[in-house]
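The values are calculated or read from the model by the stated rules, or taken from the named source; none is laboratory data. Model, not experiment: these values are computed from the prediction. Using ideal geometry, Cβ is built from the backbone for each residue, glycine included, and neighbour counts are taken over all protein chains shown. In case anyone asks, the SASA skips ligands and DNA or RNA and just uses the protein heavy atoms, side chains included. Shrake-Rupley method; radii C 1.70, N 1.55, O 1.52, S 1.80 Å.
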Amino acid sequence: QVQLVESGGGLVQAGGSLRLSCAASGRTFRSYVMGWFRQAPGKEREFVATINWTGSITSYADSVKGRFTISIDNAKNTVSLQMNSLKPEDTALYYCAAARVYVEDPTAYDYWGQGTQVTVSS
């Protein structure tokens with residue numbers, strides 16, 4: 001079992017920044033790939049970014065590339081998502097997730113956090 005707890009969401013004006021964190025725990029969580037996903041009301045859950053636990057491999061959705069950065073803090077067992085230049089269309093419930101393979105497909109992810117809300121006002 002892997003437990004994931006997100007934090008750091010909130011309300012921010014367009015152009016602002018937020019940093020999301022995901023605390024991971026469990027016996028084998030370091031064998032998983034970590035990802036961030038988001039889901040806006042009425043829309044499907046979509047891929048945002050993913051990283052392996054060494055931090056050597058990352059990938060991003062085109063919509064966030066150049067604005068968001070995913071990172072790993074191995075000492076704190078935490079995965080973070082730094083979000084800059086936020087836009088109203090970034091408004092969504094953001095989820096942290098863990099998968100055994102390096103993919104962008106949310107159906108491949110085995111464990112999910114409860115989500116943290118990000119709201120960007122125009």
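Just a few scattered comments:
- Looking only at the stretch 79-98, and only at residues there that are assigned to a helix (DSSP H, G or I) and open to solvent by 10 Å² or more (accessible area, probe 1.4 Å), the one that is nearest to GLY35 (Cα to Cα): GLU89
- Residue match in the stretch 66-78 (condition: open to solvent by 60 Å² or more (accessible area, probe 1.4 Å), assigned to a loop (DSSP other than H, G, I, E, B) and among the aliphatic types (A, V, I, L, M)): yes
- Residue check, ALA49 modelled with pLDDT under 95 and either open to solvent by 60 Å² or more (accessible area, probe 1.4 Å) or under 22 Å from SER25 (Cβ atoms) (or both): no
- Residue match in the stretch 52-61 (condition: among the hydroxyl-bearing types (Ser, Thr, Tyr), surrounded by 19 or more Cβ atoms within 10 Å (Cβ to Cβ) and at pLDDT 95 or above): yes
- Restricted to the stretch 18-28, and to residues there that are over 21 Å from THR69 (Cα atoms) and not polar (S, T, N, Q), the residue that is most open to solvent (accessible area, probe 1.4 Å) is ARG27.
- Identity of the residue in the stretch 29-46, open to solvent by 20 Å² or more (accessible area, probe 1.4 Å) and in a strand (DSSP E or B), that ends up nearest to ILE70 (Cα to Cα): GLU46
- Residue list for the stretch 18-28, filter: on the phi < 0 side of the Ramachandran plot and part of a strand (DSSP E or B): LEU18, ARG19, LEU20, SER21, CYS22, ALA23, ALA24, SER25
- LEU93 vs. criteria within 18 Å of VAL5 (Cβ to Cβ) and among the aliphatic types (A, V, I, L, M): yes
- Restricting the stretch 1-17 to residues that are outside any strand (DSSP E or B) and more than 14 Å from LYS87 (Cβ to Cβ) leaves a set whose member that is most open to solvent (accessible area, probe 1.4 Å) is GLN1.
- Inter-residue pairs, beta-carbon under 7 Å, first open to solvent by 50 Å² or more (accessible area, probe 1.4 Å) and in the stretch 101-122, second hydroxyl-bearing (Ser, Thr, Tyr) and in a helix (DSSP H, G or I), 6+ apart: none
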